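The values are calculated or read from the model by the stated rules, or taken from the named source; none is laboratory data. These figures come from a predicted structure and were not determined experimentally. Don't worry about glycine lacking a Cβ; one is built from the backbone with ideal geometry, like all the others, and counts go over all protein chains shown. These area figures cover heavy atoms from the full protein model, side chains too; ligands, DNA and RNA do not enter into them. Shrake-Rupley method; radii C 1.70, N 1.55, O 1.52, S 1.80 Å.
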Amino acid sequence: MAFRWYQAKLKSAPLATQAITTAILFGTGDTMAQQLVEKRGWKAHDAMRTARMAGYGGVIFGPAATTWYGVLTKYVNTRSKNGTILARVACDQFLFAPVNMGLFLSTMAYLEGSSISTRLETAYIPGLTKNFMVWPWVQFANFKYVPADLRVLVVNVVSLGWNCYLSALNSGGGSKVEAAVVKVKEATQTGGSREGGQLPPQ
């Protein structure tokens, strides 16, 4: 019953439904990162961080992904079914994924009041590398077996684990590394580099 209601909402209000779903799952992914990976405990849970993740998912990624899959379905077609799937996966991974990774890290850094350039320098390549290890296989199965109106939902469900990783990447690969970079720069400016200083963690 609930799934039929959800399918009906996908048809009557696809953008809003996908946005709300994505916001919930992005927030859940961050909660998993904080509680299962970082083991913060509920008293130390960063609610604003969860809100930022949910906001990005609902306002940016959900609508963008919904629109993107529509574009792929409409415009990326070849003479064979498998050729079409491979072409869509290639477009998704080499066009959408790099832009989305950069936009995600930049948005999170801006909302946190951190350096966007430093965040991208420290987290973009590791994140995109992990993306290429996971998502081509997921998207191949998604485009081959899943109906068009459910593809964003499948991505979001798989993204529970991925968003957990992204949140940890953004948090661990962001503020902590930025702090280390600042310390190294300060040491360099005061002559600390002559004595030998520690490099920021990679």
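Quick notes
- Subset of region 1-15 that is in contact with a helix residue (DSSP H, G or I) (Cβ under 8 Å, 6 or more places away or on another chain) and open to solvent by 40 Å² or more (accessible area, probe 1.4 Å) - its residue that is nearest to residue 49 (Cα to Cα): 15
- Verdict on residue 162 being under 26 Å from residue 46 (Cβ atoms), touching a residue at least 40 places away in the same chain (Cβ under 8 Å) and assigned to a helix (DSSP H, G or I): yes
- Restricting the first member to region 85-111 and to residues that are of a type in the set (Gly, Ala, Ser), and the second to residues that are open to solvent by less than 40 Å² (accessible area, probe 1.4 Å) and assigned to a helix (DSSP H, G or I), the beta-carbon pairs closer than 6 Å and six or more apart or on different chains are 97/131; 109/119.
- Annotation: of all residues in region 113-135 being closer than 23 Å to residue 92 by Cα and of a type in the set (Ser, Thr, Tyr), the one that is surrounded by the fewest Cβ atoms within 10 Å (Cβ to Cβ) is 129.
- Condition check for residue 80: touching a residue at least 12 places away in the same chain (Cβ under 8 Å) and polar (S, T, N, Q): no
- Exactly one residue among 51, 65, 47, 33 is closer than 25 Å to residue 106 by Cα, under 17 Å from the mean Cα position of the chain (by Cα), open to solvent by 50 Å² or more (accessible area, probe 1.4 Å) and among the hydrophobic types (A, V, I, L, M, F, W, C), and that residue is 51.
- Members of region 117-159 that are in a helix (DSSP H, G or I), farther than 30 Å from residue 39 by Cβ and not hydroxyl-bearing (Ser, Thr, Tyr): 136, 139, 140, 141, 142, 143, 144, 148, 149, 150, 151, 152
- Candidates 167, 159 - the one that is in contact with an Asp or Glu (Cβ under 6 Å, 6 or more places away or on another chain) and of a type in the set (Gly, Ala, Ser): 167
- Search result, residues across region 79-112 that are over 16 Å from the mean Cα position of the chain (by Cα) and open to solvent by 70 Å² or more (accessible area, probe 1.4 Å): 79, 81, 82, 86
- Entirely in region 1-62, the helices (runs of 4 or more DSSP H) that have 1 or more residues that are over 22 Å from residue 170 (Cα atoms) and either in contact (Cβ under 8 Å) with a residue 40 or more places away in the chain or of a type in the set (Ser, Thr, Tyr) (or both): 2-12, 14-32
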